[in-house]
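Working notes for the structure below.
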Amino acid sequence: MKILLVALNAKYIHSNLAVYSLMAFANKYRDSISLVELTINHSEEELLKEIYKEKADVVAFSCYIWNIGIILRISSELKKVAPGLKIWFGGPEVSYDARQCLLENDQLDGIMCGEGEQTFLELVQYYTEGRGGAKPPVRRLKEIPGLAFKESAKLDGGFGERRGEIWITQPRDPMGLDEISLPYEDMEAFRNRIIYYESSRGCPFSCSYCLSSVDKRVRFRSIDLVKKELKIFLDYRVPQVKFVDRTFNCSKRHAMDIWEFIKENDNGITNFHFEIAADLLEEDEIAFLSTLRPGQVQFEIGVQSTNPDTVEAIRRKMDFDRVAYNVRRIKQAGNIHQHLDLIAGLPLEGYESFEKSFGQVYGLEPDQLQLGFLKVLKGSPMETDKDCYGIVFRSTPPYEVLCTNHLSFEEVLRLKGVCEMVEIYYNSGQFTYSMKFLEHFYGAPMRLYQSLGDYYEGTGIAMLAHNRIKRYEILLDFWKEAVLESLTGEDRTSLTEVFGEILLLDLYLRENIKSRPAFSPAKSSTNELRGLYDKYRARHSLIHIEKFTFDILRSAATGTAVRKETTILFDYGNRDMLSRAADMTVLED
């Protein structure tokens, strides 16, 4: 008997914590269990081939909203070429409507619902010890909690089987997290990949769009065990450990114990990612966090909306003033990357309201601003509330919002353009000063990105692939065609000249390019800068020196053309740990 666990990840660098946790918990049957990790970027033909050639008797897929479509198609084809194969699903995408999923998919034999470690262990035990073996199964399928399955009966003569009634067993009781084995036994198998780790399950909050709100119980792994396991990652010098805890700092003591431990055992390499509620942070925590190595920790902070009515409608508890205060305090220390989230399409939030939310979060200057769109997850309270707010969403995964009583589909599409422009021109970190300059010509930050999105659509370049330099050229064209033409009473020539230099500043901050872009001003003469190169080269391994005709930093900060020659040294051997920008020094001489 061979049982195959299958994970379809978004990228190769990711690892699937769920399937590794199932395998580790069922370790006593390790000889009967195999695991394969593939990605949704593989062709369906490749996926079918890789899974089929494992020659398994049972295949169990880990299902999420972003991979369920391809899993349904692959599993259907798999059943055709291996009709005797038993196919099981598990994961959040199939746990809350298991009966319907079984009815709609003939290829599917069963679903593991909810927390899976103990359920999978007993399912493996059933297949390895109870199906045609010398001894009866320890438990029949009907006696295993946490299952939904199709009862089948052999037809006369033993040919084929008849699909009968769907059985749903009693729910599985939550287990203590210390009972769950560390899923990472062979660390070498995860070299150059992200390690996912959980020190708690559950969430104390009740956000209606989130499945964690269904069960507000929070279970913690004992801190001594967490420290022991984190030490393994630190000793192996893994690049990144992502905690999947839904609200990592819901327990101050638990969070501080872990933060203190990673500081004391810092290896100078490993980065730790935490999803936190920023308004829960207290002064002593912020003071401690400021002492961590730059780049050692990064935070993901879900704001979602700053509209008080929306926050109340989604049953979320958040003090935005406190969030803003703490985000600014963390930013002042300059050692922690902060990723702030907003969700479009929430109840009671129209386009203007979202623009306000955008502006307030954007004003906090996060290292990344993630714009997501509401997904009405099966089993979430939002699925129940959808009609109250006129929420219309896609019928297929990822069940993303199409429109609401307050947000039209046309506005959703426009926000999609804003989202794409934010990714390109803000989250990339490649246009920092250029965007600061452009912001001055728009009444609200989101209007800049909206205008950029409209420009991409209007010029027909939205669907085209563009290299890095082309993005700078597009931004200059956008300035000339969409911004400059609307200005009156301004020195248009000087503004265009200074913007060209600001684009060059951003470009050199990221990379010491070998050939100057076409939009850049003429380079200063070699003789003029040779003395400066000779002076600073001995102290810096890799540098570039550029002479600008404007006070480039003040111009970007004020949205004006401040004409004053400025010479800047870019040191590529000394980069900012968070932004990866070259160290920049204004040379007074």
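Computed from the coordinates by the stated procedures, all read-outs in this text should not be read as laboratory data. What you are looking at is a predicted structure, and each value in this text was computed from that prediction instead of being measured. Every residue, glycine among them, receives a Cβ derived from its backbone with ideal geometry; neighbour counts consider all protein chains shown.
The angle between the Cα long axis of helix 351-362 and the main principal axis of the chain comes to about 70°, on a 0 to 90 degree scale. Measuring against 32 Å, Cα to Cα, the residue pairs K514/K535; K49/K416; K79/K231; K142/K252; K80/K378; K356/K480 contain K49/K416; K79/K231; K142/K252 as the ones spanning a longer distance. Only Lys, Arg, Asp and Glu carry charge here, each on its Cβ (+1 for the first two, -1 for the last two); on that basis region 177-405 has a dipole of about 240 debye about its Cα centre. Computed per residue of the chain from DSSP H runs no shorter than four, each worth -39500 (n - 2.57), the mean residue ellipticity at 222 nm is -11000 deg cm²/dmol. Considering only DSSP beta bridges with both partners in the chain, what is the antiparallel share in %, to the nearest 5? Of the beta bridges lying entirely in the chain, close to 40 percent run antiparallel. Computed from the C-beta positions of D266 and S428 and an R0 of 22 Å, the FRET efficiency is 0.20 to the nearest 0.05. Maximal additional length on extending the T291-E143 stretch stands at 48.0 nm, based on 0.36 nm per residue less the C-alpha distance. Inter-part distance, region 202-272 to region 292-321, computed on C-alpha centroids, equals 18 Å. The Cα center of region 373-414 and the Cα center of region 553-589 differ in position by 44 Å. What you get for the chain, charging only the Cβ of Lys and Arg (+1) and of Asp and Glu (-1), is a dipole of about 1300 debye around the Cα centre. Rounded to the nearest 10 degrees, the inclination of helix 252-264 to the longest alpha-carbon principal axis of the chain is 70 degrees. Counted over region 177-405, the DSSP beta bridges are approximately 15% antiparallel. Of the trypsin sites (Lys or Arg not before Pro) found in region 303-378, those that fall in a DSSP loop while having at most 14 other beta-carbon atoms within 10 Å are K317. Once the Cα atoms are used to define both axes, helix 492-510 deviates from the longest principal axis of the chain by about 50 degrees. Here region 395-519 is assigned +1 on the Cβ of each Lys and Arg and -1 on the Cβ of each Asp and Glu. Its dipole about the Cα centre then comes out at about 400 debye.
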